[in-house]
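One structure below.
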Amino acid sequence: MKRKGVLPKIPKCSDAAACSEWKLEGRMLEAAYGFVVVAGLCIAHIHVQFLQADVALQHSELQKQHRKLLREEQQHVLRYEALCDPSRLADVARAADLTEIDVRAQRVAMVPAELREKYLAPTTAAYPQAMLADSGPSLSGLSGKLISLLDTGSAFAATLPDTKF
C-alpha cells in the first residue's frame, strides 16, 4: 500500500518559543560542560607544573647531599689508608718501644682434661639453693659459654723471658 500524498511535518515542539528556549538551554549546558572540562584540565596542568618544580628542587638538594656524603667518604678512606700505612705503623711501634714477636716462638698452654670435665658438668652442691632458684642464666648455659671459650683446649700464652725467682 502506497500513499498518494506527502504527509505534513510534525513539529518537535508545539510552541516555537519553548522549543527555542530548550535549544538555548542545551547549548548553554554543553558550553558549561566544556568550560568545566577545560578549567579542570588547566588546574591539573598547573598542579603538575608545581609538582614538577618541587621534585626538581628536591632532586637538586639530594644531589648536593650526595656530593657531600661522597666527599666525607673519600676523607674517611684517606684517613683509614693513612692509619694503615706500614711505614707509619713501624714509626709508632718504634716510638712505643714495641718489638716484633715471631709467631713460631710462642708457647701453647693446654687445659687439662680433668679441668675441662669439671666445668662441663657443674654440681648443684657448689651453688646455694637460692642462687639456683633465681631465674638468671642456667648452669648449663654458663658452663656452655665457658667451654665454648676453652673449646679448643689450648690458648696462646704470651712469650715472656724465663725469669727465675
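Laid out as a table, the results:
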{"item": "Test: residue 117 is among the charged types (D, E, K, R), modelled with pLDDT of 75 or more and more than 30 Å from residue 79 (Cα to Cα)", "result": "yes"}
{"item": "Of the criteria (1) within 41 Å of the chain's Cα centre (by Cα); (2) at pLDDT 60 or above; (3) surrounded by 10 or more Cβ atoms within 10 Å (Cβ to Cβ), which one residue 150 fails", "result": "(2)"}
{"item": "Any hit, segment 126-135, residues being within 42 Å of the chain's Cα centre (by Cα) and modelled with pLDDT under 60", "result": "yes"}
{"item": "Leading residue by the ranking (farthest from residue 83 (Cα to Cα)) among those in segment 93-106 that are touching a residue at least 24 places away in the same chain (Cβ under 8 Å) and surrounded by 10 or more Cβ atoms within 10 Å (Cβ to Cβ)", "result": "106"}
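The values are calculated or read from the model by the stated rules, or taken from the named source; none is laboratory data. Please read all numbers here as calculations on a predicted model, not as lab measurements. Neighbour counts are summed over all protein chains in view; Cβ atoms, including those assigned to glycine, are modelled from backbone coordinates with ideal geometry.
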